[in-house]
Amino acid sequence: MVKKLSIWAVNHRSLVLGILLLVTLLFAFQIRNISIRTDPSDLLPSNHPFMNVHNKYKEQLGGSFKVFLMLQVKEGDIYNKETLEKIVRLTDGLDAIPGVNHDQIYSIASRKLKKLTVTEDAILTEDLMREVPASPQAMEELKNTIRKTQSVFGVWVSKDEKSALITAAFIERSMDFKIILKEMSRLVETESDKNHVAYMAGEPLLMGWVLKYQEEMWWIFGATIFSLFFLLYLYFRNLVGVLVPVLSTSMAAIWGLGFCGLLGYNLDPLILVIPLLITARALSHSVQITERYFECYHESKDAKEACIRSMQSILPPGALGIVTDVLGILFIAVAPIPIIQKLAYLCSFWAFSIIFTTLIFCPLVISFFTPPANIGKIVDTQRGAVQWILGIIARMGFGRGAVVTLILTIIIAVFTAVSASRVGIGDVHPGSPILWEDSNYNTAIDRINHNFPGTDELYVLIEGEGARAVETPGFLRVLNRFQRHMEKSSSASRTQSVSDLLPSVYRTIYGGHPKWEIIPLEKAQSAQVFYRLGSNSAPGDYDLYYSRDESVANVVIWYKNHMGKTLREAVDAVKGFMGENKEMLAKEKLTFKLASGTLGMQAATNEAVEKSQLLNLVLVLGSVFILCAFTYRSVIAAVFLMIPLNIANIITLAVMYHLEIGLNVNTLPIVSVGVGIGIDYGIYLLSRCCEEFQVSGEYSWDVANRAIRTTGKAIFFTATTMVVGVLFWYFFSSMKFQAEMGLLLAIIMFLNMVGAMVVLPMLLYIFKPKFLGKATVQA
């Protein structure tokens, strides 16, 4: 069937190429619809229970996209006119940034932080700092007020009184990350001087930095592509060998990008490494088929016959390799995270298009060219440095070399499996893994966390039965008890709820006597305290702590990092309290709702990644196994292909562990795609071994050596070319994530090359499987 298809395609090459070019033009027209941006909603698991809680209460509490701005003095403390005026300007400046939630700005200069003022006529609730104190007496009064206010001191003013914190939440649909970064950078630069330094952090700023480095990403991307094509020229040194792969790779890119524009998808800058990998795979397949054409022409001296034979030889293993690529990419969509699902659909189509843009397109285009004069040198299997290296590789998989390779493979697999099992889910370092540790962003995170409870917040909602349920003393005691429980955790730095606001109000009502600084014991007393708390306050001033109908209370729990271990401890601590206090919660008719806040969203994402990782791996490996068994008509053939693939995967995970790279929403696609793509090399080499075996009748040194020196040569070139290309990201990217992913992809490609060219031939030599003589790879 493949032979008939190859003959028909070559005989009707103008028609087939015309159709391919027409489709390419249609896709090219759709590229104009692509936008390169980060959509905040794409980063979160849409169907996770935490997301339901977050979406229900985000209008009250603010979204998870929050910024932190800290002003720190070098000498003295913040209680001076100059510093407090800077805090006022920074607060107002944040309030003026487009997309900010004006009701979710907190600082000692905002209306959200309150104090109690006792007059002859009444006890009033007023803004903590209505204006900058003009006299030393007023300044001292402000200092004493802040020190006595538990909900402010240590939270919005550092305990050493040298720093003040300002936070602001943004409305997701109105955010522009570039504008947020630009405006906040301007504020920081304006208000920093010899005695003041400002630091800024938060998810919107992180996304702003990613977009700022977008220009850099494009030149690295361009340098990578240029290096791939330059190495291609060094390999073939003729027009056909360079132009045909360039045309086919470009066509595949047009199809992929056009499909992206057709669906209206946005390209997130963080996932550009995956399209680059697909581009490199298209180049790899085009090199395989071009190399095979040169071999066939060298044997037959007939260009048309060489095109037919090369298509007939490469199409079955190439299509199988591409389908495994597609499945490896497509199955990452089991993770219920929109950015991963969009990546899966886009890149799986892009990979699938290589069947048409490379496996079919290349031999048809080649047929229009005069065969190059240097074909003899290209197919020479004896001379040259590359052939000398391939000879060494061939000996590692045959004879005594195969025995040594088997022993080393078992030892390496056992030892790396231990490290691979320890790869963490989520981030494994404080700060953001996207940027380098010494970046401005991570430096700011470190400084803010050093002076304040933390930049990562977990919101736990507690629902009562009906309006004003929060006022009941039983509800307040549960809040207080829950806070003490959470503060026992080694990872939590502080908690806060409405129960922390009430004692100071209660004490003030009773003349300031210390014994009354407690949570009210009766409903009437509690109602009186809530009345005093809310007097002279605007609607929404206490939204962070309880809903406006007082049916739901929020407990804020601060953490200094969002590492996977911290997230698991936080969620387990909440669930532990719920389990230990079931009777009390039932008695008070309270329901705990997990979770919101930045930490809640991170926990939801990590849980989604963790649950989908195993399912993704099972689906990819299972489907690849079935496809290989069906194609080669042998279960043993599939087993032989899976062994080097799984060893490469284990070593990759071990490398991730030692490089301290965790599995998260950004790295999961890299690892999963590597599994599907990594088997290509093994498929090509095994198919060539079957061809050579069926000609000679036995698996001899000549069979192994010829397979390595022909098909293995193309594998060696494409793998080393891809390794060199993606390493540009490691050495030149300002983003740690992309640098590490470049390194990780280089390791994955190198390991799969070694697995295909060393481990697979070793297995064939030692076990001498019968399928070599029966496998039909050219039906």
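A straight Cα-to-Cα reach below 27 Å connects LYS342 with the lysines LYS56, LYS58, LYS66, LYS178, LYS212, LYS611, LYS736, residues fewer than 8 places away in its own chain not being considered. Each residue was assigned an accessible area with a 1.4 Å probe, and for LEU26 the value is about 110 Å². Kindly flag which residue pairs out of LYS74/LYS560; LYS523/LYS589; LYS4/LYS304; LYS523/LYS587; LYS3/LYS304 have an alpha-carbon separation exceeding 19 Å in this structure. In this structure, LYS74/LYS560 exceed 19 Å between Cα atoms.
Using alpha-carbon positions, what is the distance between the centroids of segment 203-248 and segment 1-31, in Å? Rounded to whole Å, the Cα centres lie 26 Å apart.
Need the full-extension length gain, GLU85 to ARG147, defined as separation in residues times 0.36 nm minus the C-alpha distance. One decimal, nm.
Values: separation 62, 0.36 × 62 = 22.32 nm, distance 1.95 nm.
Gain on extension, GLU85 to ARG147, equals 20.4 nm.
Between LEU615 and LEU659, the simple spin-label model (points 7 angstrom out along Cα→Cβ) gives 2.8 nm.
Report the FRET efficiency, 1/(1 + (r/R0)^6), for GLU216 and SER535, where r is their Cβ-Cβ distance and R0 is 56 Å, rounded to 0.05. Can you show the working numbers first?
Numbers: r = 54 Å, r/R0 = 0.97.
My answer for the efficiency is 0.55.
Excluding ligands, DNA and RNA, the accessible surface per residue across the chain is 40 Å² with a 1.4 Å probe.
Note that segment 366-371 has calculated 3J(HN,Hα) couplings of 4, 5, 8, 9, 6, x Hz, one per residue in order, obtained from phi through the Karplus relation 6.51 cos²θ - 1.76 cosθ + 1.60 (θ = phi - 60°); glycine and proline are x.
In percent, how large is the relative contact order of the chain, given Cα pairs closer than 8 Å and 6 or more residues apart?
20
Label-to-label distance, ILE7 versus LYS194, with points set 7 angstrom from Cα along the beta-carbon direction: 9.0 nm. Look at (1) 106, 58, 53; (2) 101, 62, 53; (3) 109, 52, 45: the one that is Cα extents along the principal axes in Å derived from this structure is (3). Sorting the segments 715-722, 280-287 by their residues' average number of neighbouring beta-carbon atoms within 10 angstrom, most packed first, yields 280-287, 715-722. Each residue of segment 445-461 was assigned a 3J(HN,Hα) from its phi angle through the Karplus expression (A = 6.51, B = -1.76, C = 1.60, θ = phi - 60°), giving 4, 4, 5, 5, 5, 5, 9, 9, x, x, 9, 10, 10, 10, 9, 10, 8 Hz with x at Gly and Pro. Principal-axis analysis of the Cα atoms of the chain puts helix 273-300 at an angle of about 0° to the longest axis.
A cut-off of 5 Å between modelled amide H atoms, ignoring neighbours fewer than 5 places along the same chain, links ALA595 with PHE50, VAL53, HIS54.
What FRET efficiency would be calculated for the residue pair VAL404, VAL635, taking the C-beta separation as r and a Förster radius of 25 Å, to the nearest 0.05? So, using R0 = 25 Å, E works out to roughly 0.35. Surface composition of the chain: carbon plus sulfur atoms contribute 60% of the solvent-accessible area (1.4 Å probe, protein chains only, all chains present). Based on C-alpha pairs under 8 angstrom that are at least 6 apart in sequence, segment 712-779 has a relative contact order of 28 percent.
In the chain, helical runs assigned H by DSSP with n ≥ 4 each contribute -39500 (n - 2.57); averaged across all residues and rounded to the nearest 500, the mean residue ellipticity at 222 nm is -20500 deg cm²/dmol.
Relative protection proxy for 6-17, 245-256, from highest mean packing down: 245-256, 6-17 (other beta-carbon atoms within 10 angstrom). Its relative contact order, with pairs defined as Cα atoms under 8 Å and 6+ residues apart, puts segment 525-627 at 18 percent. For the modelled label position 7 Å from the Cα of PHE230 along Cα-to-Cβ, which residues of segment 707-742 have backbone nitrogen atoms closer than 19 Å? So the set is 717-733.
In sequence order, segment 731-736 has phi-based couplings of 8, 10, 7, 7, 9, 4 Hz under the Karplus curve 6.51 cos²θ - 1.76 cosθ + 1.60, θ = phi - 60°, and Gly or Pro positions carry x.
Of the listed residues TRP218, TRP209, the order by accessible area with a 1.4 Å probe, largest first, is TRP218, TRP209.
Spacing of the modelled spin labels on PHE368 and PHE415, each 7 Å from Cα toward Cβ, amounts to 5.4 nm.
Rounded, prolate or oblate: which one fits segment 194-278, using the alpha carbon gyration tensor with axes a ≥ b ≥ c (rounded when a/c is under 1.5, else prolate when a/b beats b/c, else oblate)?
Values: a/c = 5.18, a/b = 1.94, b/c = 2.67.
Here segment 194-278 falls in the oblate category.
As a calculated quantity, the FRET efficiency between ARG477 and ARG32 at R0 = 60 Å, using C-beta atoms, amounts to about 0.45. Mind running the shape call on segment 280-326? Use the C-alpha gyration tensor, a ≥ b ≥ c as the square roots of the eigenvalues: rounded below 1.5 for a/c, prolate if a/b tops b/c, oblate otherwise. Judged from the Cα gyration tensor, segment 280-326 comes out prolate (a/c at least 1.5, a/b above b/c). The length gained by stretching the chain between GLU698 and SER734 to full extension, at 0.36 nm per residue less their Cα-Cα distance, is 7.6 nm.
The values are calculated or read from the model by the stated rules, or taken from the named source; none is laboratory data. Keep in mind it's a predicted model, so treat the numbers as computed, not measured. Ideal geometry is used to build each Cβ from the backbone, glycine not excepted, and the neighbour counts take in all protein chains shown. Remember, those area values only see protein heavy atoms, side chains included, never the ligands or the DNA or RNA. Shrake-Rupley method; radii C 1.70, N 1.55, O 1.52, S 1.80 Å.
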